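Have a look at the structure below before the remarks.
The values are calculated or read from the model by the stated rules, or taken from the named source; none is laboratory data. In this text, all values refer to a predicted model and were calculated from it rather than measured experimentally. Neighbour counts are summed over all protein chains in view; Cβ atoms, including those assigned to glycine, are modelled from backbone coordinates with ideal geometry.
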């Protein structure tokens, strides 16, 4: 399912209504910004914000990774893979100390 950035979609990631609401809002906003605000700030300004938020969500609920990737939305997949990488870097950094 590809989010066009103009129409909010409701996503379901299980029985947790708050998680579904939070993730739906985050994905809708992320896709809207990517697809509708092409001002050249995606990589440097916007994407890192969404990566951090998704990283926090998947850190708390790793099963989200599979569910996010299953959406087959290129924006969501890109953010998810970057969030996985960020969490791995944080984990590796914590193990270095």
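For the reader, a short list of remarks on this structure follows.
- Look at segment 1-18: where a residue is on the phi < 0 side of the Ramachandran plot and without any contact (Cβ under 8 Å) to a residue 40 or more places away in the chain and a partner is part of a loop (DSSP other than H, G, I, E, B) and surrounded by 11 or more Cβ atoms within 10 Å (Cβ to Cβ), sitting 6+ places away or on another chain with Cβ atoms under 7 Å, you get 9/3.
- Condition met for residue 65 (closer than 18 Å to residue 10 by Cα, within 11 Å of the chain's Cα centre (by Cα) and at pLDDT 95 or above): yes
- Complete set of residues in segment 64-80 that are loosely packed, with under 14 Cβ neighbours inside 10 Å and without any contact (Cβ under 8 Å) to a residue 24 or more places away in the chain: 66, 70
- Residues of segment 26-47 that are in a helix (DSSP H, G or I), free of Cβ contacts under 8 Å to residues at least 24 places away in the same chain and surrounded by fewer than 13 Cβ atoms within 10 Å (Cβ to Cβ): 43, 44, 45.
Here is a yes/no grid of residues against (1) part of a helix (DSSP H, G or I); (2) more than 25 Å from residue 36 (Cβ to Cβ); (3) in contact with a strand residue (DSSP E or B) (Cβ under 6 Å, 6 or more places away or on another chain):
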residue: 49; (1), (2), (3): yes, no, no
residue: 53; (1), (2), (3): yes, no, no
residue: 57; (1), (2), (3): yes, no, no
residue: 72; (1), (2), (3): no, no, no
residue: 76; (1), (2), (3): yes, no, no
residue: 79; (1), (2), (3): yes, no, no
residue: 82; (1), (2), (3): yes, no, no
residue: 87; (1), (2), (3): yes, yes, no
residue: 92; (1), (2), (3): yes, yes, no
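- Selection of segment 9-25 for residues being over 20 Å from residue 83 (Cα atoms) and surrounded by 14 or more Cβ atoms within 10 Å (Cβ to Cβ) yields only 9.
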